[in-house]
Amino acid sequence: MFFHIILERNLQLHPRYFGPHLRDKLVSKLIHDVEGTCSGRHGFVVAVTAVENIGKGLIRDGTGYVTFPVKYQCVVFRPFKGEILESVVTMVNKMGFFAEAGPVQIFVSNHLIPDDMAFQAGDVPCYETSDGSVRIQKDSEVRLKIVGTRVDATEIFCIGTIKDDFLGLTGDPGGAA
Amino acid sequence: MSSIGSVPASPSPSASPSSSASDDFAALVEEEILAGSPFHSSPDSDLFNEKEAQRVDEDEIIDHENEDDDGFEDKENESLENESTDSEPGASDFELQRKRLRSSEVVLGKRQRGVDDLQFNSDNDDKIEASVGRGGSCPPHPGFMWGVCIRCGVMKPSDDSIENGVALRYIHEELELSRKEAARLRQDELKQILSKRKLYLILDLDHTLLNSSRFQEVPPEEQTFLTAFFQGAGSGEDGKSTKASEENTGPDLTTAEQNSGVQAGREGLYMLPSFHMWTKLRPFVHRFLEQASNMFEMYVYTMGERAYALAMAQLLDPSGRYFKGRVISKADSTHRNIKDLDVVLSAESAVVILDDTEGVWPRHRDNLIVMERYHFFTSSCRHFGLESSLSREHKDESESEGGLATALKVLHSVHETFFHDFDQVREDCIGSSDPVKDVRQVIPSLRAKILMGCRIVFSRIFPVGLANPESHPLWQLAEALGAQCVASIDDSVTHVVALDRGTDKARWAKQNGRFLVHPSWIDAAYYRWCCPHEEDFPVADVQTKYMKLSFSKTVDICL
Ligand SMILES: [Zn+2]
């Protein structure tokens, strides 16, 4: 799920940037530092949307660097148990398949793949119904539901299921939905 | 990074991975409402276990069931306001909290409305619990990925020790399966693979498919030879690749090879600077893999390190079509210095193993086809106490009559016999779904045909006074090969095995026109899977240890 939240961060800046473009520099550093990062609590920082406030800088003893407390708005993405996600399959094996929803890695084990879909090894491994009408392989688009997550300080992993109504294949490789 | 609700100076919540309880969105919101802070991780949250989270979840749904949507929203906001006065959020915090809750309201609202909502229908949750499939429900958990159960999604309980499971790092770094689940997968797989008329083949790397030698173990004269051989006197393609290796960026090197700095020479000789190593692929290996892949799903299983195993797999199978994702190395083994099929997701009745070392497979000897060791490099021979090497003699195994060509023939017969019997048994008992045929019967039965019809007498092979010669390894080997061993000479004896010509039995053989062979004749039969020409294994006048360079045919290398 996406959230628009306010976060704070202390940015350290070298004195050579002090000048008319100080604010720009801080903003670009902020974006560089936080976008794409992940914290267990907030999830993945997708985009910084606004800088609310930049506090007074504090000179660090001995280095000359200055620390600015920056308060900013950003969009974060945090998966939750029970959530439905659209994802793209990245790898298929006999244990199940891996998929990605943006930055989140999801594993769907064959326990949570409908029983009428069987694993087919081969050049392009896949899960397929016996009549061949539904086929999940690498790059397939799949709608799944999160059944469990592991949240670390810097990473989030999910276990998903497609064994339910309205879950499963939504698009074949190539994006023709 | 610090959230608004907590003290700004506090570091990111790296202290402890938060419990899965807080991953459940509803539980998280509940928690927040209690604590009055977004994403607040209460100290209790780590003590939360999944069941409690679930309970909180359900309580919540029950709580709200009697309220209409508006009432629900009001309640949430109220509780937010009430609670947040206890903590000390700033104005913007409050805004944020409202925002956060607005998005959560959507979710909770949906949860609560339930009936016709697909996504957060609580009934749906129950259905998942009930329909968890491919047999059984949690616990016991079938396995864990990233420490999360692959069926029910709970965190791995701390008391669920690794002893109950098999880590399958070669499939995925973080995957671990219970033994029961592994057994289930094996049975599932077996049906599938048999329907494709395939079996499993486990391939050892060193001395079976290839031979490697570290740079520093290569003697100077061998170095000269290798360099010449590597670059080739070359014409055509060979010449091109030589040039390429010198410049280190050849158009005919694959990208992967360029990245790892691997340089390809002639006839499967490679230089791997990152490993400080020469590697020579066994002649015939590419044809072998191609043809074996039609009959088998193949694994590589080596006692080498993972990086080495993957580098070798890359040389043997650049496109990854033979054993991608099925490369098992030292770290994957469940026992030190022992290879076991427990890490292989294949039914043992359908596995053929190709390895040069019988000792590492204590549980699976009947699955094993022992390969004659491929020693190309001198250092490799020295490790086994042998004097000469193919490289030193400027020789290599023959393509058509080398170890791998022999192995391929054996694999063909194993496959053919297995499925011939398989089909027959299936016809005999239609409806029975038992795994009907076992490779562990097929391999010994084929082996027992090799020396069938030979009656062997041993002459001074065994220590004097050995109580029961039947237990001697050579006796047992000969019998496993289908020969009949007898203790004393009679008319039916066909072969006398001796170390020198001077014994009574050896003389009897000469006088009566029976074969007199050196004991290595039996070894040759074992490795070559045929009755070897007796003339190639003569017995000298005086006792010799007789060491052949190779039972397989060798050919000269022309520089
Ligand atoms: Zn479970």
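The values are calculated or read from the model by the stated rules, or taken from the named source; none is laboratory data. Please read all numbers here as calculations on a predicted model, not as lab measurements. FYI the Cβ positions are ideal-geometry reconstructions off the backbone, even for glycines, and counts take in every protein chain you see. Each accessible area value is taken on the protein alone, full model and side chains, heavy atoms only, with ligands, DNA and RNA left out. Shrake-Rupley method; radii C 1.70, N 1.55, O 1.52, S 1.80 Å.
Numbers below:
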quantity	calculated
Residue within region A:123-140 that is open to solvent by less than 50 Å² (accessible area, probe 1.4 Å), within 28 Å of B:Y170 (Cα to Cα) and modelled with pLDDT under 90 present	yes
First in region B:152-173 and modelled with pLDDT of 75 or more and outside any loop (DSSP other than H, G, I, E, B), second anywhere and within 16 Å of the ligand (Cβ to nearest atom) and among the β-branched types (V, I, T), Cβ under 7 Å, 6 or more apart	B:M155/B:V148
Matching residues in region A:136-156 - criterion: being within 14 Å of another protein chain (Cβ to nearest Cβ) and charged (D, E, K, R)	A:K138, A:R143, A:K145, A:R150, A:D152, A:E155
Selection count where residues are open to solvent by 40 Å² or more (accessible area, probe 1.4 Å), in contact (Cβ under 8 Å) with a residue 12 or more places away in the chain, touching a helix residue (DSSP H, G or I) at 6+ places or on another chain (Cβ under 9 Å) and over 22 Å from B:D541 (Cβ atoms), scope region B:478-516	4
Residue in region A:2-24 that is closer than 16 Å to A:I146 by Cα, surrounded by fewer than 18 Cβ atoms within 10 Å (Cβ to Cβ), within 12 Å of chain B (Cβ to nearest Cβ) and in contact (Cβ under 8 Å) with a residue 24 or more places away in the chain present	yes
Residue that is nearest to the other protein chains (Cβ to nearest Cβ), among those in region A:25-60 that are in contact (Cβ under 8 Å) with a residue 40 or more places away in the chain and of a type in the set (A, V, I, L, M, F, W, C)	A:V34
